[in-house]
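To keep things clear, I will list the structure first and then write my remarks on it.
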Amino acid sequence: MASLLPPPKRAKLYHGVPEPEKPEPEPSPSIIVQFVAEDDGRSLAPAVQLPANVSREDLEVLVNKLSSNEEEEPVPFSFHIALPPPKDAVNTPPTRITISKSIEADVLSNPTSPLTVEDKFVVVCSPQAIFKVRPATRCSSTLAGHGSPILCASFSPTGAQLATGSGDCTARLWDLHTEMPSHTLTGHAGWVLCVEWEGLERRLATGGHDGHVRLWDPRAGKAVGDALRGHTKWVTSLAWEPVHLNAAAPRLASSSKDGTVRVWNVGQRKAEYTLGGHTASVNCVKWGGGGTGGKGVLYTASSDRTVRVWDAQNGRPLHTLKDHAHWVTTLALNTDFVLRTGPFDHTSKRPASDEEAQAMALARYNAVLSTTPELLVSGSDDQTLFLWSLFPSRTGDSQARDEATERGGKLKPIARLTGHQKQVAHVAFSPDGRWAASASWDSSVRLWNGRTGKFIATLRGHVGAVYRLTWSADSRLLVSASKDSTLKIWDLKTYKIKTDLPGHTDEVYCVDFVADKLVSGGRDCKVKM
């Protein structure tokens, strides 16, 4: 006996009308894609033919399959396509479209894109950090204690401790496990303008409006000896000698409004030498790991419109950069993050001795220099920035060496970065050195290519001057602090605001982001995490 088929389903009726049939999805066109590396433009794999709607995640899997061995860990990538500039435009950088969904959704559907399915798509692949920092979404603590505006804040290299300096003449240490104050450091007779951690977290240095530099033991919360005296005006910034150059007894450099930079021997509590070439206030000092022979160099930026470069061993002047037309207020190195964190990376491994710490820090520093020399960005009140490569790469980069030889004594910048409408307040390189971000009094943040200085995007959203910037350790998040009392976290795929962090009731002067915690402080005398 044959089995009976079930009766057909009754068709749905909408107000007495049968449901219209769903249209067939349009087939996705096939396109030819060439994957190239961002660093040097080399091809990662032969050109392949793909459907245009392949997702970004599948592109990542494909690049890993085509370019690496099976045993290697898959590398996360970000992808973008550089569009050619318009024919009538002069000196316009190519527009870049970040692929966040697929080539079809982001490029072919983009009305500004001149590319069609007949073109060959050159997809630029940028490797990302293998770890991911959780984005901040809310304020977990509001820490009161300071009696005046908070002028500076800095996490220790591992992110385990936090120091803040204030206009109430004190610095404070905070316990990040309980998010409570642990020590109040009193001794300065004026505002505490800068706080700086030693690379292995054994000392904290503070500089004040009284012209004194003080050293503190962060565990005991007590001063280490008396103040280091010598400056005749207030101290503007501090920089410790990097761990990979000197782990056992690092020296400390301090710049001052009096136009000098002093390098202190912390153990003997005396100034080793004073750099006196500037004719106006020295606004910023950076201790780089480069230089001839890799012995370290000091970069100083001054209100005399120059940036000077010094041999850190003996204070000998190496270069004077005179391209800015107004006060030079901020400096950043593409090695800033590895110089600051030294031997500490995302694996949380701690060195057992000073020698091991120095070796670990040197390995991390050399890993950054394997693809690029140490680069410097200087920002000025003349509304521009300059990107400099002062020392050729130590990894046999013959082109950089030839260029440096050709220049002789006259150093030319790699690029002049223009676009801000008011003075530049701060500049910061991403930890991987691929991006540079600049904050300005024109309420905008601008993104630049960290290797070439090419303009990438303008981040708009603040309604007041932007004072400070900081990057997450994985280079995926950029945070800006502003006069408008907010912090903003920017999405670097869309160049739009990812998270708005309100909460402060007045201007935000300082912000820092190490490990997975974000801290800010400002005119409302509150520290927020």
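The values are calculated or read from the model by the stated rules, or taken from the named source; none is laboratory data. Quick caveat: nothing in here was measured; it's all calculated off a predicted structure. Every residue, glycine among them, receives a Cβ derived from its backbone with ideal geometry; neighbour counts consider all protein chains shown. Each accessible area value is taken on the protein alone, full model and side chains, heavy atoms only, with ligands, DNA and RNA left out. Shrake-Rupley method; radii C 1.70, N 1.55, O 1.52, S 1.80 Å.
Observations on the model:
- Using the Cβ-Cβ distance between residue 32 and residue 348 with R0 = 51 Å, the FRET efficiency computed as 1/(1 + (r/R0)^6) comes to roughly 0.70.
- Here residue 488 is the anchor, and the lysines within straight C-alpha reach of less than 23 Å, apart from those fewer than 8 places off in the same chain, are 132, 422, 496, 498, 517, 526, 528.
- Annotation: for a label point projected 7 angstrom from Cα along Cα→Cβ of residue 217, residues of the range 231-268 with backbone N closer than 18 Å are 249-250, 266-268.
- Here the spin labels are modelled as points 7 Å beyond Cα on the Cα-Cβ line, and at residue 295 and residue 177 they lie 4.3 nm apart.
- The mean sequence distance of close C-alpha pairs (under 8 Å, at least 6 residues apart), as a share of the length of the range 142-528, puts its relative contact order at 12 percent.
- Each of 194, 423, 361 was placed along the dipole of the range 142-528 (beta-carbon charges, centred on the mean Cα), and the one lying farthest toward the positive end is 423.
- Between the amide H of residue 318 and those of 309, 310, 311, distances stay under 5 Å, these residues lying 5 or more places away or on another chain, with hydrogens modeled in the peptide plane.
- Extension gain for the segment residue 100 to residue 370, taken as residue separation times 0.36 nm less the Cα-Cα distance, is 94.3 nm to one decimal.
- Between residue 359 and residue 3, the FRET efficiency estimated from the beta carbon spacing at R0 = 56 angstrom works out to 0.10.
- Using the rule -39500 (n - 2.57) for each DSSP H run of four or more residues, divided by the residues of the chain, the 222 nm mean residue ellipticity is -2500 deg cm²/dmol.
- The stretch between residue 416 and residue 55 holds 126.3 nm of extra length on full extension. This uses 0.36 nm per residue minus the Cα-Cα distance.
- Between residue 130 and residue 11, full extension at 0.36 nm per residue minus the direct alpha carbon distance yields a gain of 37.6 nm.
- Residue 113-residue 500 pseudo-label distance in nm [points 7 Å out on the Cα-to-Cβ vector]: 3.0 nm
- To put it simply, the accessible area of the range 142-528 at a 1.4 Å probe is 48 percent carbon and sulfur.
- Calculated FRET efficiency for the pair residue 186/residue 122, C-beta based, R₀ 60 Å, to 0.05: 0.50
- Built amide H within the under 5 Å cut-off of residue 224, gap 5+: 215, 216, 217
- Calculated log₁₀ intensity ratio I(q)/I(0) where the Debye formula runs over C-alpha points of the chain, q = 0.13 Å⁻¹: -1.36
- The range 12-166 - accessible surface per residue (Å², probe 1.4 Å): 60 Å²
- Directionally averaged projected area (the range 330-383, Cα convex hull): 4.8 nm².
- Rough spin-label spacing in nm, given labels placed 7 Å along Cα→Cβ, for residue 233 and residue 66: 5.8 nm
- Amide H contacts of residue 467: 481, 482, 483, each under 5 Å away and 5 or more positions distant or on a separate chain (H built 1.01 Å from N in the peptide plane; Pro and chain starts excluded).
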